[in-house]
1. For helix 9-27, report the angle its Cα long axis makes with the longest principal axis of the Cα atoms of the chain; keep it between 0 and 90° and round to the nearest 10°.
2. Which loop-located trypsin sites (Lys or Arg not before Pro) does region 130-191 contain, where loop means any DSSP state but H, G, I, E or B and the Cβ has at most 10 other Cβ atoms within 10 Å?
3. For the chain, what is the calculated [θ] at 222 nm in deg cm²/dmol (nearest 500), taking -39500 (n - 2.57) for each run of four or more DSSP H residues and dividing by its residue count?
4. On the accessible surface of region 38-327, probed at 1.4 Å, how many percent belong to carbon and sulfur atoms?
5. Rolling a 1.4 angstrom probe over the protein heavy atoms, how many square angstrom per residue are accessible across region 141-210?
6. Applying a 10 Å radius around every beta-carbon, put 199-206, 246-253, 32-39, 326-333 in order of their mean neighbour count, most first.
7. Along each of the three principal axes of the Cα atoms of region 257-336, give the extent in whole Å, ordering the values from largest to smallest.
8. So if I place +1 on the C-beta of Lys and Arg and -1 on the C-beta of Asp and Glu, and nothing else carries charge, what would the dipole magnitude of the chain be about its Cα centre? I want it in debye, nearest 20.
Amino acid sequence: MTRFVERHPAWALIVIIAVAVALWLIFAVWPPGLEEAIGRKRVFLNALFNGITLGGLYFLVASGFTLIFGLMRNVNLAHGSLYLFGGYVGYAISASTGSWILSFIVAFILTALVGVLLQVLVFRRMEGQDLRQTMVTIGLSIVFADLMLWACGGDFYQIQTPNWLIGPIELPLITAVKSSGEPVYLRYPLVRLVIFLASVIIGIAMWLALNRTRIGMIIRAGVDDRDILAATGVRIQVVFVLVFALGAGLAGIAGVVGGTFQSLSPGEDIRFLLASLVVVIVGGMGSIPGAALGALIIGLAEQLGSVYIPTYAIVVTFLIMVLVLALRPQGLLARR
């Protein structure tokens, strides 16, 4: 942080001012003139929290994608299909057993197994052939989409939220003040906050595993020079299969999350594949903190844009990606 301030004092000042303004908008009581200009504070805070929690969902999808694409250099454009498959599996388990937690476990296991099959049968035979991987996984995503459409139909599905997570929770954020002087506090769905907290815990655990453990050292070494690592006796293909399984399993978990506070339907696979690509480009390939930052930026841009500039909300997302590519092509927090 000190190095960034020394090298880019102007940008550091802009960041400090932006953070100060954001904190004031969140915690201060808005004057009437501000509400007349940009709308009610409750709408702003809901859009803000929706963007943060959507960023948590995007992170779960993109973290698996950045493991497979950013670290292992495998171009898996069927990653969105893994998300939708995990969501459908989670819905089936939740509807048949009534257990929300079990749906996460089964979705992770089955999606991870699909990931293992993809790595062994497809990517291992095309290592280093990016164009072939791209074309084959595009074809696979079309096949998977048609199979899921045949099996599940074109209906919308939503996974039932467990009773202990139903309902809003009151947050210590004032949205308005009544004429009597009594403050009105923000009420926000508990399930979204719990899911976001879980995504933060998963992100921290992944970062620690990749940067503070022996298995993480082996993975990073295998990406940089797999021949030397294999010469030391490490079974590099087994390691890569496990990493691919983890990345696919995270997509399956994200599918259950998305099915809980959004919905599952045909076409969601393409949407979340594009979101993963944008997040990885913005954050930086192979970087877990970069995936988290990119997911947060894109989630906030989508939700705040849909509230304040709904016509151009999708344009904002891709404008951010274009600016990052122009100013910092390696991503904001690219892995060195």
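The values are calculated or read from the model by the stated rules, or taken from the named source; none is laboratory data. What you see is a predicted model, and the numbers here were worked out from it, not measured in a lab. In this analysis, Cβ positions are derived from the backbone assuming ideal geometry, glycine residues included, and neighbour counts consider all displayed protein chains. Keep in mind that these areas ignore ligands, DNA and RNA; they rest on the heavy atoms of the full protein, side chains included. Shrake-Rupley method; radii C 1.70, N 1.55, O 1.52, S 1.80 Å.
1. 60 degrees
2. Values: sites: Arg132, Lys178, Arg187; in loops: Lys178.
In loop regions of region 130-191 (DSSP not H, G, I, E or B), the sparsely surrounded trypsin sites (Lys or Arg not before Pro) are Lys178.
3. On the way: 14 runs with 239 residues, N = 336.
The helix-only estimate for the chain comes to -24000 deg cm²/dmol at 222 nm.
4. Details: 9230 of 13260 Å².
Taking all protein chains in place, region 38-327 shows 70 percent carbon and sulfur surface.
5. Details: 4410 Å² over 70 residues.
It amounts to 63 Å² per residue over region 141-210.
6. Working: 199-206: 16.1, 246-253: 28.8, 32-39: 11.1, 326-333: 14.2.
Highest to lowest by the protection proxy: 246-253, 199-206, 326-333, 32-39.
7. Its Cα atoms span 37, 26, 17 Å along the three principal axes.
8. Working: 21 positive and 15 negative charges, 147 e Å.
Using only the charged Cβ atoms, the result is roughly 700 debye.
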